[in-house]
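Read through the structure below, which is laid out as structure tokens, and then see the notes.
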Amino acid sequence: MTTLQIPVVTPVDGGGVLSLLWLVIALPLAGAAILLLGGRRTNAWGHLLGTATALGSFLIGLLTFLSLLGRDEGDRSIGQHLFTWIQVGHFDVGMDLLLDPLSALFVLLITGVGSLIHIYSIGYMEHDDRRRRFFGYLNLFIAAMLTLVLAADYLVLFLGWEGVGLASYLLIGFWQHKPTAAAAAKKAFVMNRVGDLGLSLAIMLIFVTFGTTSFAGVSAAAGGASEATLNAIGLLLLLGACGKSAQFPLQAWLLDAMEGPTPVSALIHAATMVTAGVYLITRSNFIYEGAALAQTTVVAIAVITLLWGAIIGCAKDDIKKVLAGSTMSQIGYMMLGAGLGPAGYAFAIFHLLTHGFFKANMFLGAGSVMHAMDDEVDMRHYGALQKAVPITFLTFAMGYLAIIGFPGFAGFWSKDKIIETAFDQNPWIGVAAIIGAGITAFYMTRLMLMTFFTESRWSDDVHPHESPKVMTVPLIVLAALSVLGGFLLLGNWIVDWLSPVVGVAEHHEPAIPALAMTAIVVIVVAAGVALAWFTIGRTQVPREAPQDVSPFTRAARADLYGDAINEGLVIRPVGNLVTGLMAIDHTIIDGAVEGQAAGMGGLAGALRKVQNGFVRSYALSILAGAILVALAMLVVNL
Amino acid sequence: MTVFWILAPIMVLAALCILFVRKAVHAALLLAVVMMSLAMLYASLDAPFLFAVQIIVYTGAILMLFLFVLMLVGVDASDSVVETIRGQRLLATVLGLVFGATLVIGLSQVTWGTVVGLDEANAGGNVPALANLLFSKYIFAFEATSALLITAAVGAMVLAHREKLTPKEKQPEAAARRMREYAETGRHPGPLPAPGVFARHNAVDTPALLPDGSPSQESISRVLAARGTIRSASVDDVDDVQRQLSATESSESSESSDRADEQEDGQ
Amino acid sequence: MSTEPYILLSAILFTIGSVGVLVRRNAIVVFMCIELMLNASNLALVTFAKANGNLDGQIAAFFVMVVAAAEVVVGLAIIMTIFRTRRSASVDDASLLKY
């Protein structure tokens, strides 16, 4: 590790099509401004404008990506200075954009998947009165997310980071008339604040340590900082990443966030925003390379989260919550990859991309199923839908095969690589990752069986129907990507592509041959599928969830008591602390201040009585004064 | 010094009595005693001019002014020596004693030089000597006092003057007012009963007796009532009157009963 | 003659006058007590004149008398005015200016 060369970010000026980079952000931002400020006048064509800006952004992103492909390997880091944002003394923050192999991939994912989801939303939100506003929020999210990934400075990144937090809040609470949605939005916002606090502290520490917050400056100076400082920065950045990516211990908001419309869950809470944490850690590789403790912590949190999410996914009956648990678990895999250092960064990003495809595909598929079933989300009321919604079923199946890691599909390649690298690093981590893969296979098969197979358990008044073309076309595109995403690994392309950003790992022979490893993973996955088949596919699925279940199931249904843990460890003690502080404030501090005032008031009230209006009383005090003067003179002269 | 030792106890006694007498007139008279004694002390201190001024200005003019005002103001509750402010009398006494003790002790500590005497200063007569000083050394102070006196005179006039805001009520208006009051409030329109008319005495401090023999409160001065110097008509007097009335009943019955009715109304 | 007894008499009269101001309620009597205090000081002034052998003390006493006369005139006029409006000569009645 010590001999490792940490890549330094050195952006160069790009010309030609690359100078259009700012438009990638500006287009959706303008769309959001027009839709949100334009009011009802934009109702008629608002959704079309929103989709058009997203597509435009995607086209420009694609052009810049192709132009980047055409450049030399060492020349692929493009900077663009828009304007000076903050200039105070030696603190100089420019509104700078940075397009390098890492952010270019993200731009493609965000705008590409984002555009598909925009198109899907045209159909999904057709009957919603506030569709125009929904598209405005979606555009706002895209703009903020692109700011996040294109930033060349931690502070600009923070701007986008907060922007996506805001958009996420607005979209989770989009159906604000539902108290659960409003509460979920608030919960997500507050829990994200905790993470954001970590990020902002990290940025402050970065500024104090390096005197700059730009990636270029920090990456150049990172080698000179002490390990303790880097560890502190790394842990704070990790806290930020945990908040945004729903990692343990800040994971509790993601399941509640499913209260938002399904396209939102697909775009923000599966494919893009929640991966911002992985992006942040990958982007900050120059810090983590010198921070062994922070890196170990990343791995530990990743392992906990990937198992945690998977276990929750096994017990949920709400189709979206199963997918949310699975998202949590899959992001855990990405974090695991990111925590493994240069050997894992590329695979983390690879898994992030493939996950973006297949998870968006499955979320949109779930949305399509809900669309067919009159917004029913309980899988116990599904069953035997493969005939009713054939396109949705087929596309969903592609996603399913991808996520469980069926050989040949996208998820197989990406997850396998992470497990392999993890095993190299530490066999125990590898074993945990393999177990996670097995559980993933179990709960995804369970979802598949309960939704599309087994006998139908529909309500009497439900007549499932296939969704319109505007919804199924994005599904088909995403399904295709889920199948073919693995091509990114062809000839180790993605590793080479990302190496200028994340560095190159020393190559050494794994303890267990790659093929054997793959075989083990496939066997474990097959075991998970078989277990699901025997417990669910072969038995009658009750319409109501059985109550006499094992304590493990009950714990998993309660999100492994994540909320209770938060309640007991944080909310209640802090609440008590605040109550105590308030009591102190009210009694001691206010008591002192108000007591002083009351004392003065009382004293004044008492002294006021001296002014009783009687001339003779005043004369008495004059006489007393005269006596004092006389006595004083007497004393002085004696 | 003989004069002093005779007068000093009188003055202190008179001054102390001012504190305790109930009536203001008595206080004024006691003050006159103090002032006259002071005049005599001035004379004994070789100040004949001040002796004259003390008697003429203080005792003659200022004290008389006090007496005039006392008569104008009359008698009221302020003459009472009952204390109304809590603790005032006690504190005043204590502080007064402390003050007196302080002065006496302080003055006792002073070493007084030998008395020079005014024989030299008064060689050409006290009044010319004072005039010499007054019109030379103290001329500005003297002129300032003249301005002060004029200001005080004008001020007193302004303060005591009462502006007439409504036209003076003449006889017709007074008659009309009385009748209106009789009509509205039933107040007796005629003059108040004269004191002593139906009593044995006709002095002003004896109330008139009503036909039923009770004394009429309206027939005596309010000031006399406040001073508590009204003579009560005794039961014998009432009996006398009743006897006289019954003797003359045959000749004056109708007239007197009418008047009695009217007086009842008036009350 | 000696100075001390006169001065002490003056002090005693002054003290009695000051106590009178404090204990009497009738404004006119209060005024009289003030006069008593002024006269007491006059006695001291005249005594000092004799003791020091010049007439300045008598002049001062003369001025005190003049000022006292002016003061009495105005003071009594004020008492009259108050009596007219309040039908009372008590100094305690004029006690509206208070807390």
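Structure above, values below:
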quantity	calculated
Pick from the range A:162-213, criterion aromatic (Phe, Trp, Tyr) and more than 30 Å from A:Val8 (Cα to Cα), ranking: least open to solvent (accessible area, probe 1.4 Å)	A:Phe174
Total residues in the range C:50-65, condition surrounded by fewer than 20 Cβ atoms within 10 Å (Cβ to Cβ) and either in contact with a Pro (Cβ under 6 Å, 6 or more places away or on another chain) or β-branched (Val, Ile, Thr) (or both)	1
Helices (runs of 4 or more DSSP H) completely within the range A:261-315 that count 1 or more residues being over 16 Å from A:Phe248 (Cβ atoms) and under 13 Å from the mean Cα position of the chain (by Cα)	A:262-266, A:276-283
Residue among A:Ile404, A:Ile418 that is touching a Phe, Trp or Tyr at 6+ places or on another chain (Cβ under 7 Å), buried (at least 24 other Cβ atoms within 10 Å of the Cβ) and either in contact (Cβ under 8 Å) with a residue 24 or more places away in the chain or not polar (S, T, N, Q) (or both)	A:Ile418
Helices (runs of 4 or more DSSP H) wholly inside the range A:414-527 that include at least 2 residues being closer than 26 Å to A:Ile312 by Cβ	A:427-452, A:469-484
Candidate set from the range A:386-401 (those that are of a type in the set (S, T, N, Q) and either without any contact (Cβ under 8 Å) to a residue 40 or more places away in the chain or buried (at least 24 other Cβ atoms within 10 Å of the Cβ) (or both)); member that is nearest to A:Phe453 (Cα to Cα)	A:Thr392
Evaluation of A:Ala216 against (1) touching a Pro at 6+ places or on another chain (Cβ under 9 Å); (2) small (Gly, Ala, Ser); (3) buried (at least 22 other Cβ atoms within 10 Å of the Cβ) (one fails), failing number	(3)
Hits in the range A:421-460 (condition: of a type in the set (S, T, N, Q) and either surrounded by 21 or more Cβ atoms within 10 Å (Cβ to Cβ) or not assigned by TED's automatic domain parsing to the domain that holds A:Ser326 (or both))	A:Thr421, A:Thr440, A:Thr445, A:Thr451
Test: residue in the range A:461-479 that is assigned by TED's automatic domain parsing to the domain that holds A:Gly405, at pLDDT below 80 and open to solvent by less than 60 Å² (accessible area, probe 1.4 Å)	yes
Positions within the range B:129-143 being over 35 Å from the mean Cα position of the chain (by Cα) and surrounded by 12 or more Cβ atoms within 10 Å (Cβ to Cβ), in sequence order	B:Ala129, B:Leu130, B:Ala131, B:Asn132, B:Leu133, B:Leu134, B:Lys137, B:Tyr138
Test: residue in the range A:324-341 that is surrounded by fewer than 24 Cβ atoms within 10 Å (Cβ to Cβ) and either over 21 Å from A:Ala556 (Cβ atoms) or assigned by TED's automatic domain parsing to the domain that holds A:Glu544 (or both)	yes
Residue match in the range A:305-322 (condition: among the β-branched types (Val, Ile, Thr) and under 22 Å from A:Gly485 (Cβ atoms))	yes
Only one of A:Val610, A:Val549, A:Val629 that is within 14 Å of another protein chain (Cβ to nearest Cβ) and outside any helix (DSSP H, G or I)	A:Val610
Of residues in the range A:615-626 being open to solvent by 50 Å² or more (accessible area, probe 1.4 Å) and hydrophobic (A, V, I, L, M, F, W, C), the one nearest to the other protein chains (Cβ to nearest Cβ)	A:Val615
Filtered residues of the range A:219-237 (kept if surrounded by 19 or more Cβ atoms within 10 Å (Cβ to Cβ) and either within 17 Å of A:Val502 (Cβ to Cβ) or in contact with a Cys (Cβ under 7 Å, 6 or more places away or on another chain) (or both))	A:Ser219, A:Ala222, A:Leu230, A:Gly234, A:Leu237
Hits in the range C:61-87 (condition: modelled with pLDDT under 90 and more than 7 Å from chain B (Cβ to nearest Cβ))	C:Ile82, C:Arg84, C:Thr85, C:Arg86, C:Arg87
So A:Gly605, is it more than 9 Å from chain C (Cβ to nearest Cβ), out of contact with any Ser or Thr (no Cβ under 7 Å at 6 or more places or on another chain) and open to solvent by less than 90 Å² (accessible area, probe 1.4 Å)	no
Among (1) in a helix (DSSP H, G or I); (2) facing chain C (nearest Cβ under 7 Å); (3) over 18 Å from A:Val615 (Cβ atoms) - the single one B:Ala101 does not satisfy	(2)
Complete set of residues in the range A:60-79 that are surrounded by 14 or more Cβ atoms within 10 Å (Cβ to Cβ), of a type outside the set (Ser, Thr, Tyr) and assigned to a helix (DSSP H, G or I)	A:Ile60, A:Gly61, A:Leu62, A:Leu63, A:Phe65, A:Leu68
Some residue of the range B:62-77 being in contact with a Lys or Arg (Cβ under 9 Å, 6 or more places away or on another chain), within 7 Å of another protein chain (Cβ to nearest Cβ) and either of a type in the set (Asp, Glu) or not in a helix (DSSP H, G or I) (or both)	yes
Any pair with Cβ under 8 angstrom, 6 or more apart, that starts in the range A:532-555 at a residue that is over 21 Å from A:Gly438 (Cα atoms) and ends at one that is assigned to a loop (DSSP other than H, G, I, E, B) and open to solvent by less than 60 Å² (accessible area, probe 1.4 Å)	A:Val541/A:Gly383; A:Val541/A:Thr454; A:Val541/A:Arg457; A:Arg543/A:Arg457; A:Ala545/A:Asp317
Out of B:Glu120, B:Glu163, sole residue that is out of contact with any helix residue (DSSP H, G or I) (no Cβ under 8 Å at 6 or more places or on another chain) and at the interface with chain C (Cβ under 7 Å from one of its Cβ atoms)	B:Glu120
Pair list, Cβ under 9 Å, 6 or more apart: the range A:18-29 residue closer than 15 Å to A:Ser115 by Cβ, other residue assigned to a helix (DSSP H, G or I) and aromatic (Phe, Trp, Tyr)	A:Val24/A:Phe58; A:Pro28/A:Phe141
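Let's see how each residue does on (1) farther than 17 Å from C:Met37 by Cα; (2) surrounded by fewer than 16 Cβ atoms within 10 Å (Cβ to Cβ):
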position: B:Leu41; (1), (2): no, no
position: B:Phe49; (1), (2): yes, no
position: B:Gly87; (1), (2): yes, yes
position: B:Leu90; (1), (2): yes, yes
position: B:Phe99; (1), (2): no, no
position: B:Val115; (1), (2): yes, yes
position: B:Leu118; (1), (2): yes, no
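The values are calculated or read from the model by the stated rules, or taken from the named source; none is laboratory data. Since this is a predicted model, take the numbers as computed values, not measurements. Because the Cβ atoms are built from the backbone with ideal geometry, glycine has one as well, and the counts that use them run over all protein chains shown. With ligands, DNA and RNA removed, areas are computed over all heavy atoms of the protein, side chains included. Shrake-Rupley method; radii C 1.70, N 1.55, O 1.52, S 1.80 Å.
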